[in-house]
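**Student:** Handing you a structure now.
Values quoted throughout were computed directly from the atomic coordinates according to the rules given, and no laboratory measurement underlies them. Values in this document were obtained by computation on a predicted structure and should not be read as measured data. As a convention, Cβ positions derive from the backbone with ideal geometry for all residues, glycine included, and neighbour counts pool all protein chains shown.
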Amino acid sequence: MIYTDRLLSNPDYLELLAEIEQAEQERIFCGHDLNHLMDVARIGRIINCEEAMGLAADDIYLAALLHDLGRLQQYKDGTPHDQGGVAVAASFLQAIAYPEERRADILQAVSGHRREREGESLLTELIRKADKLSRPCFNCPARTECKWPESRKNKSFRY
């Protein structure tokens, strides 16, 4: 997982994560820090193994570690984070020299992790599922104030 290691040691990536964490300091709802991103990655790996999807570990980890990076832009100007995150993710994939021919799947997972779309890749489906499962809505202290519709909430510890 050489590309994942490159991303996690990239100072610009770590700085962006710190900025997102700072912007969410007062947030009572789900956070988007490194712990969340790693939870999505690990859950994605488990699902990949259990369902024999055959996805590469680096692809899963990179998609998970990049999927919420548009949050800072969303907080600044209202751009939906799944849309704004694509350009940010593309720049990090370039910075870590990720093979160009494999970038499209990662970028589709970033842009598509919030809602199901026709013709999406397995990786996009996996990241969306892992993202939802990473949230323990059934035990969230902000569940009564949460803006998510009931259909999007993870109300069980199993999938």
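**Student:** From zero up to wherever the largest Cα-Cα distance of the chain sits, split into 10 Å bins and tell me the percent of pairs in each.
**Tutor:** 11, 41, 37, 11, 0
**Student:** In addition: Restricting to Cα atoms and excluding each atom paired with itself, what does the Kirkwood estimate give for the stretch 29-91 in Å? Don't skip to the answer; put the middle values down first.
**Tutor:** On the way: mean 1/r = 0.0805 Å⁻¹.
After inverting the mean inverse Cα-Cα distance, the result is 12.4 Å.
**Student:** Restricting to Cα pairs below 8 Å that are 6+ residues apart, what does the relative contact order work out to for the stretch 2-152? Please round to a whole percent.
**Tutor:** Details: 176 pairs, mean separation 36.8, N = 151.
That works out to 24 percent.
**Student:** With r as the distance between the Cβ atoms of residue 122 and residue 94 and R0 = 30 Å, compute the FRET efficiency 1/(1 + (r/R0)^6) and round to 0.05. Write down the numbers at each step before the final one.
**Tutor:** Numbers: r = 23 Å, r/R0 = 0.78.
Result of the calculation: an efficiency of 0.80.
**Student:** Label points 7 Å out from Cα along the Cβ direction at residue 102 and residue 23: separation in nm?
**Tutor:** Using points 7 Å along Cα→Cβ, the separation is 2.8 nm.
**Student:** Using only Cα atoms, locate the centre of the stretch 9-63 and the centre of the stretch 116-131, then give the distance between them in Å, rounded to an integer.
**Tutor:** 15 Å
**Student:** Arrange the peptides 103-112, 60-69 so that the one whose residues have, on average, the most other Cβ atoms within 10 Å appears first. Present the calculation step by step, with values, prior to reporting the outcome.
**Tutor:** Details: 103-112: 21.0, 60-69: 26.8.
For the peptides 103-112, 60-69, the packing ranking is 60-69, 103-112.
**Student:** Under a Cβ-only charge scheme (Lys and Arg +1, Asp and Glu -1), can you give me the dipole magnitude of the stretch 2-152 about the Cα centre, in debye to the nearest 20?
**Tutor:** Working: 18 positive and 26 negative charges, 75 e Å.
In debye, rounded to 20, the stretch 2-152 gives about 360.
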